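Structure, as structure tokens:
The values are calculated or read from the model by the stated rules, or taken from the named source; none is laboratory data. Please read these numbers as outputs of a predicted model, since none were measured by experiment. Note that each Cβ is placed from the backbone with ideal geometry, even for glycine, and that neighbours are counted across all protein chains shown.
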Amino acid sequence: MSKFKSDKDIFVLFAHANYQLDIGFKKLDPPQKSFQVYNYNDLINNIDNADVLVISGLWQNELIEKAKNLKYIQLTGVGYDGYDLNKLKKNNIYCNILYPFPIHLMRGYSYL
């Protein structure tokens, strides 16, 4: 897996049924592109563009196969029990629980 060329190359997808994470993120005026989804159908339709997924509650392991560009999952909840960690590792997707989400640290993990 290659590293990102720059912060502008990163597409962050926020997926949460209630929290408006993307609004807060954009207030920081980040160089990364971002988008928010609030339901599973919209998540399926947008996961293929995501480099980074910030998620809680909407995850299904079938998303791994659809997430062709995904390099990093940031969990906003607690626990890995719903995530197939072996399959994520096989697909070179790093998964982490840490809140608030440190986008500047994600670039460092992009090679894992």
Leading residue by the ranking (surrounded by the fewest Cβ atoms within 10 Å (Cβ to Cβ)) among those in segment 13-41 that are touching a Lys or Arg at 6+ places or on another chain (Cβ under 9 Å) and of a type outside the set (S, T, N, Q)
PRO31
Among the residues of segment 76-112 satisfying the criterion of being of a type in the set (Val, Ile, Thr) and modelled with pLDDT under 90, which is surrounded by the fewest Cβ atoms within 10 Å (Cβ to Cβ)?
VAL78
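Could you count how many residues in segment 1-33 are polar (S, T, N, Q) and at pLDDT 95 or above?
Result for segment 1-33: 0.
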If I filter segment 36-45 for residues that are of a type outside the set (Val, Ile, Thr), in contact with a Phe, Trp or Tyr (Cβ under 8 Å, 6 or more places away or on another chain) and more than 14 Å from ILE73 (Cβ to Cβ), do I get at least one hit?
yes
Looking at ILE73, ILE44, ILE10, which is the one that is surrounded by fewer than 19 Cβ atoms within 10 Å (Cβ to Cβ) and within 14 Å of the chain's Cα centre (by Cα)?
ILE44
Which ones in segment 47-66 are of a type in the set (Gly, Ala, Ser) and surrounded by 21 or more Cβ atoms within 10 Å (Cβ to Cβ)?
ALA50
Please count how many residues of segment 13-36 are more than 14 Å from the chain's Cα centre (by Cα) and touching a residue at least 60 places away in the same chain (Cβ under 8 Å).
1
For segment 27-35, check the following and say yes or no: at least one residue is touching a strand residue (DSSP E or B) at 6+ places or on another chain (Cβ under 8 Å), among the hydroxyl-bearing types (Ser, Thr, Tyr) and under 17 Å from CYS95 (Cβ atoms).
no
A careful count of residues in segment 26-68 that are assigned to a helix (DSSP H, G or I), in contact with a Ser or Thr (Cβ under 9 Å, 6 or more places away or on another chain) and closer than 13 Å to ILE10 by Cα gives 0
